[in-house]
Structures are given as C-alpha cells and as structure tokens.
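All remarks here apply to the structure that follows.
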C-alpha cells in the first residue's frame, strides 16, 4: 500500500469505452455519480478508522480498503468490469465486504449499507446525470430503484429497511435507504456480503443484473482484462519499486481515460470532472501511449484530433487555445513514429500539412500587419493556463514543434519534398523565435512576448517542443525560477504560492535530462510521487496541505508525463542519438529493464546492469544510430570495455548502435561529484 | 470548405426513357457458306410466357417494395411560417437553444435556399454549441469539445454557403459578420479581422464591421489593452 498524500483518498474504477467511472472514497463509499453506497460499522467498537484505498500489487485497478474498530476488521474489495448486458459504455461494479471479529469471545457484528443520491465531497456530478434533488430511491426486493430503474443491489442476506425518508418525499440532502447486515462472530471468524451497482441505472430485471454482478465474475474479468492491457504495454522494471508501480498506475490511468466517439478512441482528461478532450492534454496522452507500447490507442487518438481541424487547417479544441495546432501535429508525429509507421504517417500527413499552412498563414499575417511581434502567431486568449490575452511564447514553441513534426511525418511517408519544405519553415520560425527572445532581454523565458501571464507553455520550450536547445542558459534560468517559486519542492507552483502543480514541471524535468542535470528530474519525480494518491494517481493542482478541492485525481496528463519521464530516464530518442540511462541514478544499474519500448529507432529491449562492482553494462539490441550512455551520478567512467566505444569526459560513453551493448569501467567519485 | 450547393433541389431528368423495340429482328441467315449451326429464335409456349410475365411482375414488385421510399418531409409546413418564426424567437428569448434549433431547422427546410433561414440555422447550431440545455441543472450543452466543435464547424460551413448564395448585400454582410463573430469568439483574431475587413470594404455602411476591425487591429498590436 502506498502512502496517501492527499487529504481525501479517492480512486477511479473505470474502463476504456465506459462513459463514466466509479468513484471509490473518500471513506468507505462507492458511487457512480448518481447513487452512492456507503458502509458504516455499527457494532459499538469505538473509534473507527478507514484506510486509504489501494490497488493490487501488479497495478490492476481492483480497489481495496479497510474499516476497523476495536472489535472488527472489515475488508473491502471493489472491482468494475464490462458486462455484456449493459453494453460497451457501461460497467458493473461489485463490492465484497468481509468482516473479521478480532476481539476475544463472540459477539454481534452489524454493518449498515446506506444508499443515497448524494455523496460526500469531493465528488463530481456526471454530465449525463440529472440533478440529485427530487430523485426517489426505493427498494424492489434487494435491488434499489432510482426513479424506477435499477441503480444498485445488496446481498441476499442483507435486510433492507423500509425507506423511512421516502414518505417525506425527496429530502434536501438526497434520498436515503439502508440495508442491515448482521452476523454473530467468534474471534477470527469471518462473514462476507456482496453489493453491486451498474454505472448507469438499468431497466433490466434485477435478477439478471445481480447475475451479471457476481463478484467472482466481475473481479475475475477486471483482473483478466487489465492484465491483458498491461501485458500489451511496454514493461519497466527498475530496482525502485515505487517507480515501477508509478509506471503501471500511470498506464492504467491513461488507458481508462478513453471513451469511444465516432467509432474511434478519444483521450479524456480525467475519469470524473474532465471527461472532455483537450488537444493540449490529449497530445501528451498520445505521446505516452506510444512510448508505453499502446500504439493502437495512440494512433486512434491522433486520428480523432483531425476532427478538430477547421478548413483553414487550424486545430482547436478549446477557444483561444492556439497551441492546439502545434500539439495536434506533434501528436500525429508521435503516434506514427513510435515505432515508425509509414502507412499511418501517409494517412495523417494531409491533415498535418494543412495545419502547417495555417501556422504559416498566421505568421505571414502578423508580418503583413506589421505587428510588433511579427513572424510569430497572433495573440491567444486561452482563458486557462497562462490566463492572459497575449502573444504566448508557448503557442509559438508548439507551432515550431508542429513544423518539425510535419517534416518528420512527411519523411516517414516518403514525401521528401514536403519534408524539406517543412524543415525550411521550421528553421525560419525558430530563427524568428530566437530573435524575439533576444529582443525581450528577459532573464529566462516569459509566458508571453508582452511579458505577463502565468508560466505554462514557456515551460515546454526546451522539451518537448525543442524550440530552444537544452544547453540554452535561459532554460536553466527558467527551471531555477519556477522551482524556486514553489519553495522547497521539486515541483512548480501554479497561481497562488500554496498551490503545487503536478505535471507542469515535467517539461523542465525532461529538459534537465537532456541538459545533463538528472538530479533535477529525479527530484521532480520523487516529489511528484510524494504528492500522489495511495493508488499513485495525481491531482492536477495540490495544496501544500494535500487538498485538491474538486479537482480530483487521477489526471491523465500527469500520468502521461510520468510515463514519458520514466522512459526517457532509461532510453531517450529525443535527439538523433539513442541516449541511455539519462536518469543518472546509480541504483538503477542494479537491474533495470525496459522491454518492448517503441522508439524512433525501432522497438528496443534495454537493460542496465552491473556485472561487477566496477563495471556497468547497457544492452539495447541493435540500432542504426549512435548510442551514448550517461555514467551515473557519483561515478566516473575510466575505460570503455566494448570494442569501438569511447569515454567522453568521464560522464558519457559513446558507441555504435550495431554493437547492441556498451560496457565500461567506473570508479566512485569522492563526494558524488565528478 | 463550403456547403455550397449541397441543398439544391434535384434536377429534372431529360424526358422519358428511350423506347426499345419489343421484338428483336431475327439475325439474317448466313448466305453461301453453311455455318456449323444457325441458331433459330426460340419459341416458347404461351403458358411459359405467362409464367415469365408473372415472375417479372413479382420481381418488379419486390424491388419496388424493397427500394427505400423517399424520406418523408418531417418538416412539412403544417405550421405557418410566421408561427414557426415566432416559436423560434420565443425559444431564443427563453434560451432554449435546442428548441430554437428545432424551429430553425424546420424553417430552413421549408426554403432550403433562403439565405436568412440558413443564417438562422447556422446561428442556432452555434448557440447549442455554446449554450446550456434544459436538464434540471446547469451544464454544458455538448458532452465534450468534439461535439461542440462539430456544431461550430457546421455553423461556419452553412454561413459560408449563405454568404456565397446571398442575393443581397445585406444578406451577404450578415453571413460574413456571423462568420467573423464566430472566429472572434473561437479565438482566431486574424480570421475574424479578415472577415470584418471584407465586410467593411464592400459594405461601407456597416458600422459594426468597422468597429470590430478597429477593436481587433488595436489588440493585435497590443493584446494587453482592456476589452
């Protein structure tokens, strides 16, 4: 079980294709957004404690938690899985509640299951759920009807109590029904009850729903299906068990944050309050899915993005967010590059070329209008992120990335002339960007060319847009300023000083890997995981005291950047060389495996190992590009042991990709510095 | 992209079908060189001809039955146009965007080429994209940005068609102004400016177009200016 860093322990039980997710917590409660089912231990055992919710060891999102008093321990197991009878946009939840008497002697045990149309905060009312007021709950045998349709069911041995509040109509705090589960137990004796809830109310007969909700079936299906998803994904195993778990948890979040729309997968921002599509978040998800070996999802998501294209070529998901075009183009490139997929590149190229034409038309217009910042995009008013109407640095950085993406897509599709054209435009745009940066004489990189705004898109200038090279001192200055403003954590803040942002600092962490400053990336990752839920989900913004308001975890972009950072710590294809072990952690050389990892250079199995105390060896299969390995912090390379490899400055060992491995001798460095 | 012409009525065909001779002339018999065999026209007994005719009739009947009938005009103007327009105005006043869209669609179906009604339908789509629907609680009208953007795309396409088909300067200016406003609302100042400029250039009486040109141009120069 991982530590719960947040004030409320919340977890999502969803599945790709479902249009809602079950919320587990806070406390012993599950909900589909319309009806909540909570359990109270009513046996008079004094103070009751509820554990945080946690998932299974292999990352499968079957939720567990406990409730305990001095007399009893109650364990909960909640699983959600598709059920044929409910269709492919719904799920069935089954909860098994098992009580064990731990007090000496025998005695009664009572658990009250309470059903309500209101749920404890924080929670989110789904888009397709009516307002709770005025809704009616009623028993029908051991099924619960909400406005006449089946909304939940209780164990056959549970005793439904007459709905006392039904008589008084809809109470102001939601309808309430109670079922009583009673047993007499001796010490160590156990008794279990099961409960179920469909994701949406159903008109099917309760008996048929109860059959579909058999706990063994639901839990078994959930484990089988999720293991199938995770089994298809890239595997990351390091000596750091928290990092391994974070990788799997992030994949689970990314996978479950998918709906179907128009016959294709659609990436959404969060299982609860952000069941919507943002290009800025979706692009990160596409990259992470591609990196994580889930190319089918990644490619479908990228295809979905084409629906956001206007005849002008612009791609826009939310008004005023002009970074969407560059992000969508970048996502199309990622989805077809990892691993290289020429057919898919050809399919998406025409959308990308059209997007590039829009970018160029905007740049031409700002020149022809003789605007103060000519040759860049016009102002954007995103009403989010930078929270200012201005010419945003991030918009230009993403557009530059978009130009590079079109060049890459075109080359992959075999359209060399288009590739050259896009590369030339990319070079011209970068020159304009650099000239603008030189003109503002800012200490680092501001959010907008006019100056004001919150730091957002400017954090992406080094990675992933690569509008600036990693060794540009302004990037180091930006990272220094943003982390300093967060005051003592590796994360960055967003808005008020007490609000930490979980994924905004990821691009700076990635920059740090490319700039040879892996300690910054490791610190960001460590602090992110220490600001995560007990299921290793991340809220978007976290108060320093652990609160997240109604902005509940898990956020798909946070999951996406975790996958991307972890992968790049082991194997990075950002530049034209395969770079290994950029994370710089010495302990990761005690056995790290990244298996089935799609890269621009092919799908690789990478291992980092330490065959002897003073020897490190990286294996990576065969690639047609140069390879270089970063020597971990606290060590210095003294000699290359692989033929043709060479040590550079004691920090890098360079070799040929065809060799498939690079081994080298190291010595510890006093004080950990080289 | 335009929806131009997509709603034009079907063209009438060019007269009736060409008549064919009911009986083909028998092939001329070969002269001189005897062929291996000269096929004679086959003769069928009357009952077989009758059977074939019945079978053909049955097949024709089946084809006609299986062929989808033309869609019923669900928007047939059973309600007078003025009453429909009133209903649309009432729905707009009540911010019942879905209701307004329904009435706009009905109105437009009565006169598919009517530019005013095209603009009415386009703006109704736009309103649904942005407004909320009656659901007993506040929520967005569209489930997600894909739905919202899809409506906005349809709206822009229809406005583009309306501008292309406009018979009067006023109708054209209205269609262009709505496109400009949509681009402005969506956050595309360059596209909005281009549309406002086009209107201002062609319709010097359009005060609003010139005002918007000044407003956007000033903010393109200095985006930090207040609204």
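Out of A:104, A:122, A:171, report the one residue that is at pLDDT below 95 and either assigned to a loop (DSSP other than H, G, I, E, B) or in contact with a strand residue (DSSP E or B) (Cβ under 7 Å, 6 or more places away or on another chain) (or both).
Numbers: A:104 fails: at pLDDT below 95; A:122 fails: at pLDDT below 95.
Criteria check complete, one pass: A:171.
Would you be able to say whether some residue in region A:222-240 is within 22 Å of residue A:504 (Cβ to Cβ), modelled with pLDDT of 95 or more and buried (at least 20 other Cβ atoms within 10 Å of the Cβ)? Working first, answer last.
First, pick out the residues of region A:222-240 that are within 22 Å of residue A:504 (Cβ to Cβ): none.
Within region A:222-240, not a single residue is within 22 Å of residue A:504 (Cβ to Cβ), modelled with pLDDT of 95 or more and buried (at least 20 other Cβ atoms within 10 Å of the Cβ).
Please go through region A:318-340 and give me each residue that is surrounded by fewer than 24 Cβ atoms within 10 Å (Cβ to Cβ), in contact with a helix residue (DSSP H, G or I) (Cβ under 7 Å, 6 or more places away or on another chain) and within 11 Å of chain B (Cβ to nearest Cβ), ordered by number.
A:318, A:319
Could you please let me know if residue A:190 is at pLDDT 95 or above and either under 30 Å from the mean Cα position of the chain (by Cα) or on the phi > 0 side of the Ramachandran plot (or both)? Even if it seems obvious, please write down each step before you answer.
Numbers: at pLDDT 95 or above: yes; either under 30 Å from the mean Cα position of the chain (by Cα) or on the phi > 0 side of the Ramachandran plot (or both): no.
No: the conditions fail for residue A:190.
Would you pick out the residues in region A:63-109 that are closer than 30 Å to residue A:150 by Cα, without any contact (Cβ under 8 Å) to a residue 60 or more places away in the chain and either touching a helix residue (DSSP H, G or I) at 6+ places or on another chain (Cβ under 6 Å) or buried (at least 16 other Cβ atoms within 10 Å of the Cβ) (or both)?
The answer is A:64, A:65, A:66, A:67, A:74, A:75, A:76.
Among the numbered criteria (1) under 22 Å from the mean Cα position of the chain (by Cα); (2) in a helix (DSSP H, G or I), which one does residue A:589 miss?
(1)
Please list, ordered by first then second residue, the pairs with beta carbon atoms under 8 Å, 6 or more apart or interchain, first in region B:79-100 and at pLDDT 90 or above, second assigned to a loop (DSSP other than H, G, I, E, B).
Pairs found: B:84/B:77; B:87/B:79.
Taking the options A:401, A:397, A:422, name whichever one is more than 14 Å from chain B (Cβ to nearest Cβ), touching a helix residue (DSSP H, G or I) at 6+ places or on another chain (Cβ under 8 Å), more than 22 Å from residue A:473 (Cα to Cα) and crowded, with 22+ Cβ neighbours inside 10 Å.
Details: A:401 fails: more than 22 Å from residue A:473 (Cα to Cα); A:397 fails: more than 22 Å from residue A:473 (Cα to Cα).
After ruling out the rest, the residue left standing is A:422.
For every residue, the table says whether it meets (1) surrounded by 21 or more Cβ atoms within 10 Å (Cβ to Cβ); (2) at pLDDT below 95; (3) in contact with a helix residue (DSSP H, G or I) (Cβ under 8 Å, 6 or more places away or on another chain).
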| site | (1), (2), (3) |
| --- | --- |
| A:428 | no, no, no |
| A:433 | yes, no, yes |
| A:444 | no, no, yes |
| A:449 | yes, no, yes |
| A:456 | yes, no, yes |
| A:466 | no, no, yes |
| A:472 | no, no, no |
| A:480 | no, no, no |
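Which residue is surrounded by the most Cβ atoms within 10 Å (Cβ to Cβ), if the candidates are limited to region A:274-308 and must be within 12 Å of chain B (Cβ to nearest Cβ) and not in a helix (DSSP H, G or I)?
Looking at the filtered set, the residue picked out is A:277.
For the condition touching a residue at least 40 places away in the same chain (Cβ under 8 Å) and over 25 Å from residue A:372 (Cβ atoms), what is the one hit in A:506, A:460, A:436, A:486? Step through it out loud before you land on a result.
Details: A:460 fails: over 25 Å from residue A:372 (Cβ atoms); A:436 fails: over 25 Å from residue A:372 (Cβ atoms); A:486 fails: touching a residue at least 40 places away in the same chain (Cβ under 8 Å).
Sole residue among the options that is touching a residue at least 40 places away in the same chain (Cβ under 8 Å) and over 25 Å from residue A:372 (Cβ atoms): A:506.
Which strands (runs of 3 or more DSSP E) does region A:193-273 wholly contain that include 2 or more residues that are more than 14 Å from chain B (Cβ to nearest Cβ)?
On the way: elements: A:235-237, A:258-261, A:264-267.
Answer list for region A:193-273: A:235-237.
How many residues, within region A:503-520, are buried (at least 24 other Cβ atoms within 10 Å of the Cβ) and either farther than 27 Å from residue A:7 by Cβ or touching a strand residue (DSSP E or B) at 6+ places or on another chain (Cβ under 6 Å) (or both)?
Here the count works out to 7.
Return the only residue of A:474, A:567, A:523 being part of a helix (DSSP H, G or I), touching a residue at least 12 places away in the same chain (Cβ under 8 Å) and touching a strand residue (DSSP E or B) at 6+ places or on another chain (Cβ under 7 Å).
Working: A:474 fails: touching a strand residue (DSSP E or B) at 6+ places or on another chain (Cβ under 7 Å); A:523 fails: touching a strand residue (DSSP E or B) at 6+ places or on another chain (Cβ under 7 Å).
Within the list A:474, A:567, A:523, the selection yields A:567.
Looking only at region A:377-394, which residues are surrounded by fewer than 24 Cβ atoms within 10 Å (Cβ to Cβ) and more than 7 Å from chain B (Cβ to nearest Cβ)?
A:383, A:384, A:385, A:387, A:388
Working only within region A:592-624, note down all residues that are over 20 Å from residue A:290 (Cα atoms), touching a strand residue (DSSP E or B) at 6+ places or on another chain (Cβ under 6 Å) and not in a strand (DSSP E or B).
The one that is over 20 Å from residue A:290 (Cα atoms), touching a strand residue (DSSP E or B) at 6+ places or on another chain (Cβ under 6 Å) and not in a strand (DSSP E or B): A:614.
Would a scan of region B:139-158 turn up a residue that is within 18 Å of the chain's Cα centre (by Cα), more than 14 Å from chain A (Cβ to nearest Cβ) and touching a residue at least 12 places away in the same chain (Cβ under 8 Å)? I'd like the intermediate steps shown before the answer.
Taking region B:139-158 and keeping what is within 18 Å of the chain's Cα centre (by Cα), we get B:150-158.
Those left that are additionally more than 14 Å from chain A (Cβ to nearest Cβ): none.
No: region B:139-158 contains no residue that is within 18 Å of the chain's Cα centre (by Cα), more than 14 Å from chain A (Cβ to nearest Cβ) and touching a residue at least 12 places away in the same chain (Cβ under 8 Å).
The values are calculated or read from the model by the stated rules, or taken from the named source; none is laboratory data. For clarity, every value in this text was computed on a predicted model and none was experimentally measured. Backbone-built Cβ (ideal geometry, glycine too); neighbour counts: all protein chains shown.
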